[in-house]
Amino acid sequence: MRIILVTGKGGVGKTTVSAATAVTAADLGYRTLVMSTDPAHSLADAFDVPLGDAPTTIAPNLDAQQIDSQARLEESWGAVRDHLTALFDWSGLHGIEAEELTVFPGMDELFSLSSVREHARSGEYDFVVVDCAPTAETLRLLSLPEVMSWYMDKLFPASRRVAKVIRPVLSKITAMPVAEDAVFDAVALFYGRLDGIKEILSDPEITTARLVMNPEKMVIAEARRTYTYLGLFGYGVDSAIVNRVLPDTVHDPYFDRWHKIQQQHLKAVEEGFAGTDVRLLRLFEDEMVGIDRLRTVGLELYGDTDPTTMLSNVQPLHVEDTEDGDVALVVTVPLAEKGDVEVMRHDDELFLTVGPYRRSLVLPDSLRRRTVKSAKLGEGRLSVVFTLEET
């Protein structure tokens with residue numbers, strides 16, 4: 001089975017790319033599901049058909065689904081949210097402010113992604129395309145099950161027993177809300193829903209991400225930042241898709257300047273995504289809505305390439321601790337020799353030159369406040385060590 005996560009900044013056309021990818025795969029005979037986990041759904045608009053929370057067959061081999069993220073959130077987090085709201089209310093914070101603080105950013109899509117795990121385990125589909133929300137915050141939150149595992153194994157059962165014992169006592173001496181069994185049941189359901197999602201989504205043999213962007217400076221910068229974070233959290237990117245590129249057939253003098261600007265931006269994409277498959281999708285003269293037009297988009301995007309295959313060799317970069325207490329950013333650079341590699345830092349960017357290829361990485365927040373201490377190449381890995389400056 002293959003799973004493709006399609007993400008990008010809002011408005012770049014990721015839903016169109018998701019739908020076109022699914023249509024192309026279905027035409028090749030794969031049992032395909034395209035699902036939207038973006039709370040601001042537009043998948044139904046792309047196909048021009050009504051869609052709901054359950055998979056709907058819209059073409060041979062093709063189902064589509066718009067996850068009701070609010071319902072998933074309510075089911076898995078509702079009791080916890082109500083308990084936290086009561087605690088805030090008891091402490092003096094009332095109303096909508098208290099309720100808003102009980103739901104963390106990205107949680108609604110996080111619960112939506114639990115449906116991906118269910119589809120992966122069902123064996124009903126060969127290929128699943130996920131039209132993700134325009135953020136990488138959700139993928140950061142997928143590390144929560146790993147962080148929570150010790151608590152769930154060691155402290156959770158004891159906490160539940162203690163709460164049951166002290167609840168009657170506290171109720172007599174204070175008005176502070178004490179968690180009921182329903183709250184503990186919700187926490188267990190929360191953990192159960194998330195457990196196993198990252199294992200599926202971070203396995204590059206099963207899941208890869210495709211970043212969609214427009215040839216615009218700010219959009220490309222956001223895509224590069226997302227690319228870095230996806231790699232750091234173990235999610236491989238097998239393709240960068242630049243949408244709405246002006247075709248060469250446009251000769252109107254009005255667009256001459258735009259042609260030049262886009263060519264500069266495309267060069268930046270080549271540097272920022274060196275080693276990753278880069279595909280260009282032209283700006284169409286019409287809205288590409290409906291199965292037939294999406295099929296045209298898929299044909300231009302993939303040509304004779306099977307969209308379910310891994311479009312480039314996925315080697316996520318990662319961070320590891322050193323013996324000296326520093327942090328090393330590790331990048332895979334196969335076949336590179338010492339004389340071929342050059343490392344330079346400028347502000348929040350790290351520039352890596354390997355032979356004729358130059359790659360620029362937007363540093364994550366955790367590394368920006370550190371300085372580059374050294375760089376070491378060995379066994380096809382470039383380790384750039386960052387250290388905290390002594391004050």
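Couple of notes before you dig in:
- Some residue of the range 295-311 being basic (Lys, Arg) and outside any strand (DSSP E or B): yes
- When Phe255 is tested against the conditions (1) surrounded by fewer than 20 Cβ atoms within 10 Å (Cβ to Cβ); (2) at pLDDT below 85; (3) more than 23 Å from Met310 (Cα to Cα), the lone failure is (2).
- Candidates in the range 8-21 are the residues that are in contact with a helix residue (DSSP H, G or I) (Cβ under 8 Å, 6 or more places away or on another chain) and assigned to a helix (DSSP H, G or I); of these, the one that is most open to solvent (accessible area, probe 1.4 Å) is Thr16.
- Any hit, the range 30-50, residues being open to solvent by 50 Å² or more (accessible area, probe 1.4 Å), at pLDDT 95 or above and of a type in the set (Phe, Trp, Tyr): yes
- Among residues of the range 221-242 that are closer than 13 Å to Pro364 by Cα and free of Cβ contacts under 8 Å to residues at least 24 places away in the same chain, none has a Cβ under 9 angstrom from a residue that is open to solvent by 20 Å² or more (accessible area, probe 1.4 Å) and of a type in the set (Gly, Ala, Ser) at a sequence gap of 6+ or on a separate chain.
- Scope the range 267-308; condition more than 22 Å from Pro204 (Cβ to Cβ) and among the aliphatic types (A, V, I, L, M); matching residues: Ala268, Leu280, Leu281, Leu283, Met288, Val289, Ile291, Leu294, Val297, Leu299
- Qualifying residue in the range 53-64 (condition: assigned to a strand (DSSP E or B) and either under 14 Å from Tyr302 (Cβ atoms) or at pLDDT below 95 (or both)): no
The values are calculated or read from the model by the stated rules, or taken from the named source; none is laboratory data. What you see is a predicted model, and the numbers here were worked out from it, not measured in a lab. Neighbour counts are summed over all protein chains in view; Cβ atoms, including those assigned to glycine, are modelled from backbone coordinates with ideal geometry. The protein model used for the area step is the full one, side chains on, heavy atoms only, and it has no ligands, DNA or RNA in it. Shrake-Rupley method; radii C 1.70, N 1.55, O 1.52, S 1.80 Å.
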